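Below: the structure, in structure tokens.
The values are calculated or read from the model by the stated rules, or taken from the named source; none is laboratory data. Just so it is clear, the model here is predicted, and its values are computed rather than measured. Here Cβ is always computed from backbone atoms with ideal geometry, including for glycine, and neighbour counts include all displayed protein chains.
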Amino acid sequence: MIETLAGPGAGEADAITASDLLASIRAERLAENAAAARQLDLAARWADLHPPESIHSAAAFTVPGTDHEEPLAGEGCPLVAEFCVAELGTVLGISSTSAKKLIGHALELRHRLPRLWAQVQSGHVPAWRARSVAETTIHSTPALTREAAGFVDAQVAAVAGRIGPAQLDRLVAETIKRFDLADLDPAADPEDGYLSVDPRHVTLHDDDVHFAGTMRWEAELDIADSLDLDQTLSRKAAEQKALGSTESLDVRRAKALGDLARTQTALELHVAGAGATSRDDMPAAREVVLHAHVDVSTRTTSDGEQTVFGPTGRLEERQRLVLLDQLKSWCGDSRTKVTIKPVIDLNAELSTPGYAIPDQVREQVILRDRTCVFPFCTRPARGCDVDHVVEYDHHAEADGRSQPGPTTTRNLACLCRFHHRLKTHSAWRYRMTANGCFEWTSPHGHRYRRDRTGTTSINGPDPDPPGIPRPRRP
């Protein structure tokens, strides 16, 4: 018996067998892998056309959790002009950071992992597998030399890229030992062998927020620290139960971990406030400030007007959902300081005669834009620069001319530092078409509209593009 599959209302001619459907799915996957491999090749060729220029620094990765940057790819790969990644990212509909990673992986594979690169281009290894290997070799600590990366390439290519994260970590550790790379790291112990790669870490997976308003943590701790923490959480969970909590053990342990963080912060603030001297190598205690925005409406009832809060709100930090019940529980904590700020009308136009931006004007622009207003950028506005869309002329008043770029909310926008520099030092340009709505034009004439709903590509080239920089081959 041959099984057939057909959509609603499909005739006999539209019916296909299960075997045909599987063949179509396999063909689509092969086409998808081929397109991803082609995209890697094009990204590498885009990098070839954009070596560092006089006004461009070499593109680099910002490493999460650190205050330094790393090159786009490992030793032996060409440098790339940092501003070229923005145009590639916008064409692909991804952030500049994601575009940096794409170019970095392409260069790492082509120059330092050539066997794996050849397997990707021939279709034997999916691009996503190869990119995971490239990500590891780029950010290995200590850094892999070109010869060491070649050893990893040979081992991975021998199994056609079929290697899991744990196996890859062991292979990199073996490579570090084989090529005596630990000797180049002053913090490493040459007697440690595989232990020269310290696996300890604490990672917050803030890109995966549960509908209940929770985030997932992942940690690798020292054995003694792990046992101490486990014992403390168990004790705190038992205390909650003794006080009448009916929640599950897992929930009580999670609450205990958050309570430890709040208690430690409060203790450090108390000690600092008492005038005690702290060690120079200890971070200064600080308050954790969260900005929550909840929709409020007024409802008329038999008892008069009643203020109604929406069940969900928006947390500025990491642009995440927050539940009203969570806010109530935070505000009910005795160690929580609640500050209610006056409502700012986002449609009102605020201005000042000078160049400096007052706090009230800055706050209005931050609340209006929410994030950096460059296409597809998601950097929170509170950590961005506030830029004059039309440049402020510091000599206009002295020359008796009207100010072309006044300090008013209709001429201000939030830009992260990278895109602020890109706007200042490259041919990218933008204008505000409405309050909080911006139209960007790339050096090659591609246009994008950015507003509170996101980024939209505008069809049709700009009749007057800013100017395409002439590429120089290395």
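Couple of notes before you dig in:
- Filtered residues of the range 409-450 (kept if more than 24 Å from Leu350 (Cβ to Cβ), surrounded by fewer than 16 Cβ atoms within 10 Å (Cβ to Cβ) and modelled with pLDDT of 95 or more): none
- Residues that are at pLDDT 90 or above, surrounded by fewer than 19 Cβ atoms within 10 Å (Cβ to Cβ) and either over 30 Å from Leu260 (Cβ atoms) or not assigned by TED's automatic domain parsing to the domain that holds Gly258 (or both) are absent from the range 337-346 altogether.
- Selected residue (only one of Ala58, Ala6 is loosely packed, with under 15 Cβ neighbours inside 10 Å, modelled with pLDDT under 95, in the same structural domain as Thr137 (by TED's automatic domain parsing) and touching a strand residue (DSSP E or B) at 6+ places or on another chain (Cβ under 9 Å)): Ala58
- Residues located in the range 376-397, provided they are out of contact with any Gly (no Cβ under 8 Å at 6 or more places or on another chain) and closer than 22 Å to Ile458 by Cα: Cys377, Thr378
Matching residues to (1) closer than 16 Å to Pro78 by Cα; (2) crowded, with 24+ Cβ neighbours inside 10 Å:
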site: Glu108; (1), (2): yes, yes
site: His111; (1), (2): yes, no
site: Arg115; (1), (2): no, no
site: His124; (1), (2): no, no
site: Trp128; (1), (2): no, no
site: Arg131; (1), (2): no, no
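- Options Val386, Val373, Val361; residue that is within 28 Å of Leu88 (Cβ to Cβ) and not in a loop (DSSP other than H, G, I, E, B): Val386
- Residue match in the range 138-148 (condition: loosely packed, with under 15 Cβ neighbours inside 10 Å and free of Cβ contacts under 8 Å to residues at least 12 places away in the same chain): no
- Within the range 230-246, the residues that satisfy the criterion of being surrounded by 12 or more Cβ atoms within 10 Å (Cβ to Cβ) and either more than 36 Å from the chain's Cα centre (by Cα) or free of Cβ contacts under 8 Å to residues at least 24 places away in the same chain (or both) are Asp230, Ser234, Ala237, Ala238, Glu239, Gln240, Lys241, Ser245.
- Any hit, the range 298-314, residues being exposed (fewer than 12 other Cβ atoms within 10 Å of the Cβ), at pLDDT below 70 and hydroxyl-bearing (Ser, Thr, Tyr): no
- Sole exception among (1) modelled with pLDDT under 75; (2) closer than 28 Å to Ser234 by Cα; (3) surrounded by 11 or more Cβ atoms within 10 Å (Cβ to Cβ); (4) not acidic (Asp, Glu) for Val288, by number: (3)
- Of the residues contained in the range 386-408, one or more are found to be over 27 Å from the mean Cα position of the chain (by Cα), at negative phi and crowded, with 19+ Cβ neighbours inside 10 Å.
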